[in-house]
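Below: the structure, in structure tokens.
The values are calculated or read from the model by the stated rules, or taken from the named source; none is laboratory data. The shown structure was predicted, so the numbers you read here are calculated from the model rather than taken from an experiment. Cβ atoms come from the backbone with ideal geometry, glycine included; neighbour counts cover every protein chain shown.
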């Protein structure tokens, strides 16, 4: 059973989506800890309700980013994860962490990468006038949202959409995509080969349809 550590910065809806699938047995793993980068997060409250240990590494309490990264890396080593899940974590991980856990860090991003990386992806999509948007689960590398794609889910962009409405529909797909990607990893159903994420098995009848998971390539 894989050891999962989640990192979060906010309300924790994606963290809860993953945790719910762990508790239901859909994900063959267990969450051994949540790391938050500030006080008062919804994610920490959810973790406490579910008996998940919470590590607070308050970014604002460090005089330099390097000191924060050192403490984060020390905490990760103590938790000994097989998979690190960025579930609404709003900091960019440093190179030392990414290199030590290469192929073991997943992130969820609210666009169909490689389109619209970085902040305000939904706003970028609306400004560009795209007709389809969505979300992407990808492995983390040293670029900004440039890592190998695990799976994606799509939503239509409607003529009367604003950023809030589009974000809400994408978020609903994130709550499906991230647990699905974690489940694939924990069941050893994916292999990372350079830029390519390969599916080792065909999806079973119980898996959620609509995701683009087999051989996703940038």
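Just one of 32, 18 is in contact (Cβ under 8 Å) with a residue 40 or more places away in the chain, farther than 20 Å from residue 92 by Cβ and assigned to a helix (DSSP H, G or I); which is it? Step by step, each of 32, 18 is checked, and only 18 is in contact (Cβ under 8 Å) with a residue 40 or more places away in the chain, farther than 20 Å from residue 92 by Cβ and assigned to a helix (DSSP H, G or I). The requirement of being within 23 Å of residue 171 (Cβ to Cβ), out of contact with any strand residue (DSSP E or B) (no Cβ under 7 Å at 6 or more places or on another chain) and at pLDDT below 95 is not satisfied by residue 12.
Highlighted here are the helices (runs of 4 or more DSSP H) found entirely within region 50-161 that include at least 2 residues which are over 18 Å from the mean Cα position of the chain (by Cα) and surrounded by 16 or more Cβ atoms within 10 Å (Cβ to Cβ): 65-79, 121-128.
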